[in-house]
Amino acid sequence: MSIDAAIRLRDVHKRYGHHELLAGISLDVPRGGKLGLIGPAACGKSVLLKLICGLEQPDRGDIEVLGESVLRKREPELGPLRQRVGMLFQNYALFDFLSVQANVAFPLEQRGTISARDILERVTARLRAVGLAGSEAKLTAELSGGMKKRVGIARATVADPELVIYDEPTAGLDPVTTQKIYDLLAADQARTGATVLAVSSDVVALARFVDEIAFLYRGHIVHRGPAATILDAPDPLVRQFVRGELEGPLSEARA
Amino acid sequence: MRQAVANVGAGALRVAEEVGGIVILTGQTLRALVPPRVDTRELVKNLYKMGNRSVPIVVLTAFFAGGLMTLQTGPFVKKLGATALAGWGAGYAVLREIGPILIALMFSGRVGANNTAELATMTVTEQLDGLRALAIDPVRFLVVPRVLAMMVMLVALTVIGDLVALTGASVVGHAMLDIEWSTMFHSFADNLRPYDFLHGVYKSIAFGAAIAMSSCYFGVTVRGGAVGVGRAVNAAVVAAAVSIMLLDFFLTYLTG
């Protein structure tokens, strides 16, 4: 594996029943790079992220993350690699038996290598950064969707991972908070130099955050190009999707 | 006819799949205990939640179960003039069979079902994936403390239930059948052996393991949102009840 690639996927296939969701995905994300992944609903974006984290296994193909294969490994074997990766889930995946503060502290506490005082300082700073100062004692069930998302971001980034995977980091947030969150993610990335892979339906906001955007459609990456020019992508399919136009090849394919 | 055979075959495959899944989860749980690193905070929380809060319902059930045994056997022993055996009749049935089974079924309905619902909700809301993504093994963190807590607490509740049931048998014997307190006491003391009590305790260990493993298995393998959670709870309670009856039969057959 090239030392420059934080994520390397080769010919990855994933099938659910008779439906082949991913039909030979090959994708590299360079170390320190920021790649956005977009595509229609239920096209397999979240599944792809789970495959990268080793939470699911592909039917075929190779996946290497931070220089290590995630295939056919038992849970304990994946532990050291997962400690280097932060993941924000689409549906938050917050632990409802813990408070906001305990959720964010959880990854640090489980490592057992950081003092309680340092954990408290880092968690407090992270919650302040995502605008949740004062909500430390709340249970996650008491939070709105947007607040849960911000707790999820805080938990995914509190340990300064080398690779951060965001599944819809701003879904459910208002435009101002969305921009604040992306500014925070950008500042974090600039500080840590982490590699970022982000899935978002908010293409315009995503394009301001990432360097490149890849378009996943019908099991394949059909486009990959600079984020800054995504609105003028040469592929009419991508152009229609990112512009949200009703007429075009995407609609015809769906019909 | 062919369809009926196919249905039976499909049902048998489903059961085999579930039994296999429970056996695999049991293996993973045992492996997670070596070396024995248990999250003590989770263990203590579950011991309290599963045990302490079950005491009132167990006491109530056991008291009336013991009383019922005396009500059923009392008239016959009085008719035969064998009141000295009234306590033995009730105590033998309670310690060896009624106590462990009844308390295990109550425990399964209250604690096992709750455990399945909790784990299933965590599964469908991706909390288990969240743990795995943070390099935490859900079996070690969630399943092991729950299994240990359920096994320990079912034994403790069975012991409490046995004592309460014997008290219930004595109270009913005295109040409704005019059997003297001392007669009941001597009937227990002279006729019941320590093994009768231990026999029930052994069973409760096995029942606790069966309830724990089936409730955890159906919780962590749930599919399909809220509807799936309901189905998982139902399947866990049924599986636990069947396991309790089968284990009871074979343990009684093998150990007398």
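Assorted remarks:
- Rg in Å to one decimal, and Dmax rounded to a whole Å, for chain B via C-alpha atoms: 21.1, 70
- Mean projected area (nm²) of the alpha-carbon convex hull when the stretch B:19-68 is viewed from all directions: 5.6 nm²
- Whole-number percent relative contact order across chain B, with pairs defined as alpha carbons under 8 Å at least 6 apart: 31 percent
- Against chain B, whose longest principal axis comes from its Cα atoms, helix B:40-51 is set at around 40 degrees.
- Whole-number percent relative contact order across chain A, with pairs defined as alpha carbons under 8 Å at least 6 apart: 24 percent
- Summed side-chain charge close to A:Leu66 - residues other than A:Leu66 whose Cβ falls under 11 Å, Lys, Arg +1, Asp, Glu -1: +1
- Other residues lying with their Cβ under 11 Å from the Cβ of A:Glu75 contribute a combined charge of +4, Lys and Arg counting +1, Asp and Glu -1.
- Counting beta carbons within 10 Å around each of B:Arg37, A:Arg122 and listing the fewest first gives the order B:Arg37, A:Arg122.
- Considering only A:Ala125, A:Ala233, A:Phe209, and ranking their Cα positions along the charge dipole of chain A that arises from unit charges at the beta-carbon of Lys, Arg, Asp and Glu, the one farthest toward the positive end is A:Ala125.
- DSSP-defined beta bridges in the protein assembly as shown - what % are antiparallel, rounded to 5: 60 percent
- Prolate/oblate/rounded label for the stretch B:109-160 (Cα gyration tensor, a/c 1.5): oblate
- D_trans [Stokes-Einstein, Kirkwood Rh over alpha-carbon pairs] for chain A, 10 °C, 1.306 mPa s, µm² s⁻¹: 84 µm²/s
- Spatial separation of Cα centroids for the stretch B:1-78 and the stretch B:143-186, in angstrom: 19 Å
- Eigenvalues of the alpha-carbon gyration tensor of the protein assembly as shown, scaled by 5 and square-rooted, set the equivalent ellipsoid semi-axes at 57, 25, 19 angstrom, largest first.
- Taking other C-beta atoms within 10 Å as the exposure proxy, A:Phe209, B:Phe107, B:Phe141 rank B:Phe141, A:Phe209, B:Phe107 from fewest upward.
- Shown for A:Val176, B:Val159: other C-beta atoms within 10 Å of each C-beta, ranked fewest to most, produce the order A:Val176, B:Val159.
- Cα Rg, Dmax, the stretch A:1-52, angstrom units: 12.1, 37
None of the figures in this text is laboratory data; all of them are computed from the coordinates on show. If you're wondering where the values come from, they're calculated on a predicted model, not measured in any experiment. Reconstructed Cβ throughout: ideal geometry from the backbone, glycine too, with neighbour counts over all protein chains shown.
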